[in-house]
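Quick notes on the structure that follows.
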Amino acid sequence: MGTLRVALVGFMGCGKSTVGPVLARRLGFEFVDLDLDIQKTAGRTIPEIFEQDGESSFRALESECLARCARRSHLVVAPGGGVVIVQANRRLLRTHFHVVYLRARPTTLAERLRGEAEHRPMLRGHPLEDRITRLLGERGAFYHEVASQIVDVDGKSPEAIAEEISNGLKST
Ligand code: S3P
């Protein structure tokens, strides 16, 4: 029957939203950026949801939108980097998706995320490098736990990464 759903997981800045559409085009699948889905559902931006209702409300919306995706097929989903901290999400990802962990070096992430705190509430209020180290420490094992495939992304183009993923899909 083949793969019906692919999820790209990894830290903020690892390239999920850039690789996702390239991969989706390659596979003839639809691309869903889960953060956009959440914003559409809530009628607010992600920073607004965090500011007005807090992280836990954001996580509830994120789980709801992910579960909706798990009922669809022929799609590539890019959830936000924090999706794996919720156990139910990890279970759902493992059960319903071919999960690809886009693994990036902390230095690559720091380069890409500099100046991004305005759009990414989880990065606020701490020096960037410390924040990345801290959150990666909390999440690294979860990314590995859900992954069906791991792709090291440092220095690679979105096209090269998409090709590596589709080669991985053929061998499943
Ligand atoms: C988050 C990552 C963001 C977004 C939200 C929380 C996180 O998505 O979902 O700001 O906890 O890592 P990206 O990984 O697409 O930046």
Scan of the range 1-26 for residues that are buried (at least 19 other Cβ atoms within 10 Å of the Cβ) and either more than 12 Å from the ligand (Cβ to nearest atom) or aliphatic (A, V, I, L, M) (or both), ordered by number: R5, V6, A7, L8, V9, M12, V19, V22, L23, A24
Take the residues of the range 33-55 that are under 13 Å from G80 (Cβ atoms) and among the acidic types (D, E): which is farthest from the ligand (Cβ to nearest atom)? D37
Determine if the range 145-165 includes at least one residue that is in contact with a Pro (Cβ under 7 Å, 6 or more places away or on another chain), surrounded by 13 or more Cβ atoms within 10 Å (Cβ to Cβ) and not acidic (D, E). no
Name every residue in the range 56-67 that is among the charged types (D, E, K, R) and either out of contact with any helix residue (DSSP H, G or I) (no Cβ under 8 Å at 6 or more places or on another chain) or more than 11 Å from the ligand (Cβ to nearest atom) (or both), in order of residue number. E64
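Rule-based calculations on the coordinates, nothing more; no lab input. These figures come from a predicted structure and were not determined experimentally. In this analysis, Cβ positions are derived from the backbone assuming ideal geometry, glycine residues included, and neighbour counts consider all displayed protein chains.
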